[in-house]
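Asks: Pasting a structure below so you can have a look.
The values are calculated or read from the model by the stated rules, or taken from the named source; none is laboratory data. The model shown is predicted, which means the values in this text are computed figures rather than measured ones. All Cβ positions, glycine included, derive from the backbone under ideal geometry; neighbour counts span all protein chains shown.
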Amino acid sequence: MGVHDGVRDVDVVVTGAGQAGLSSAYHLRRTGFRPDRDFVVLDRSPAPGGAWQFRWPSLTYGKVHGMHALPGMELTDADPARESSEVIGAYFDAYERAFDLRVRRPVDVRAVREGDDGRLLVETSAGAWTARALINATGTWDRPFRPRYPGQETFRGRQLHTAEYPGPEKFAGQRVVVVGGGASGTQHLMEIAPYAAATTWVTRRPPVFREGPFTEEVGRAAVALVEERVRRGLPPQSVVSVTGLPLSDAVRQAVADGVLDRQPMFDRIVPDGVEWDDGRHVDADVILWATGFRAAIGHLAPLRLREPGGGVRVEGTRVVSDPRIHLVGYGPSASTIGANRAGRAAVRDIRRLLVGGPDRENVENVA
């Protein structure tokens, strides 16, 4: 790593050390890129674990859907009753050490802009780096989506997002409106219902429950739909929007008990609850917005990557308008297994781009 005028030069900057970022760093290491010399990994979070470290305490490892191991090291003997934040945080920590990835944290990447000589200038809370390529793996956790509805500012109760969910006990004796038809919304409802005085579930569209296992064919079809959106420069959709909600025994019971009794989206918020245009009113002490997240890519704004459709046009992981930039954990790779594959694909493309850079594809010794 060269240094000039306090700015450090590397071939590749990886932003984010969740599943996608660590997978990318592993494949960089495996193909001969040296940490702190040829590449650097910058992570905003205070500790290993990516967004998992911020998950609510009641989300135990046994409740996690589809956690896929990082490349090169399995997650074994995890206690299903232990908090997922602890299990996965410890696993990511061990992974970083096992492969000597040297993640720098906490480092806030504030802006990525054009530098000199065709390099990217990455401005951060810990100084600046220049790079020939950037792997962006910042995920979505830092950008919770909170819809706006008429009267929202008049509500006298509490409004919070999934990102701030404290666990079900905090809703004891309260009337709770849960907004959102994804996995988080249904999970919150099923947890909160035994504690709350009343729960109401509202969604913009009727939920679609999926019978049967999530097969490889179903997964490929879902990924293809999301890939088509990002190829067109549209914002990616959530996985649930294209796959439906898995109909487990617990979900069936919640439907039978009336907990998962979906109501159409309300039209306005009033001081003591929510209302519909047909005159219905529901009293509420809490509105819980389980309305998902958006890609945290505001730091890329100086590069003007967004298309008129509102998203970034991506082929595989490569940004079409700027082949130096790869988005992993974005769109079709926004899953644990997808992030692993995306990290490998991004590194393969970057090796081709960086003529004269490390090109030792079959290097096996990454320690």
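Asks: Of all residues in segment 148-194, how many are within 15 Å of residue 274 (Cβ to Cβ), part of a loop (DSSP other than H, G, I, E, B) and of a type outside the set (D, E, K, R)?
Replies: Count: 7.
Asks: While we're here: Please state which of the following conditions residue 69 fails to meet, knowing it meets all the rest: (1) within 28 Å of residue 7 (Cα to Cα); (2) touching a Leu at 6+ places or on another chain (Cβ under 8 Å); (3) small (Gly, Ala, Ser).
Replies: Every condition holds for residue 69 apart from (1).
Asks: Mind telling me which of the residues 257, 285 ends up being surrounded by 13 or more Cβ atoms within 10 Å (Cβ to Cβ), at negative phi and assigned by TED's automatic domain parsing to the domain that holds residue 198?
Replies: 285
Asks: If you take the residues in segment 341-367 that are more than 28 Å from the chain's Cα centre (by Cα), of a type outside the set (A, V, I, L, M) and more than 17 Å from residue 120 (Cα to Cα), which one is modelled with the highest pLDDT?
Replies: Per the stated criteria, the residue is 356.
Asks: Any residue at all in segment 22-33 that's at positive phi and either hydroxyl-bearing (Ser, Thr, Tyr) or assigned to a loop (DSSP other than H, G, I, E, B) (or both)?
Replies: Checked segment 22-33: at least one residue is at positive phi and either hydroxyl-bearing (Ser, Thr, Tyr) or assigned to a loop (DSSP other than H, G, I, E, B) (or both).
Asks: Now a separate question. Would you pick out the residues in segment 282-329 that are within 16 Å of the chain's Cα centre (by Cα) and either charged (D, E, K, R) or within 20 Å of residue 354 (Cα to Cα) (or both)?
Replies: Answer for segment 282-329, where residues must be within 16 Å of the chain's Cα centre (by Cα) and either charged (D, E, K, R) or within 20 Å of residue 354 (Cα to Cα) (or both): 294, 317, 326, 327, 328.
Asks: Just for strands (runs of 3 or more DSSP E) wholly inside segment 271-345: which have at least 1 residues that are within 23 Å of residue 132 (Cβ to Cβ) and touching a strand residue (DSSP E or B) at 6+ places or on another chain (Cβ under 7 Å)?
Replies: Correct list: 322-327.
Asks: Does segment 35-59 hold any residues that are touching a Leu at 6+ places or on another chain (Cβ under 9 Å) and closer than 20 Å to residue 127 by Cα, and which are they?
Replies: Within segment 35-59, 35, 38, 39, 41 qualify.
Asks: Consider residue 103 carefully, then state whether it is of a type in the set (A, V, I, L, M, F, W, C) and touching a helix residue (DSSP H, G or I) at 6+ places or on another chain (Cβ under 7 Å). Working first, answer last.
Replies: Details: of a type in the set (A, V, I, L, M, F, W, C): yes; touching a helix residue (DSSP H, G or I) at 6+ places or on another chain (Cβ under 7 Å): yes.
Yes, satisfied.
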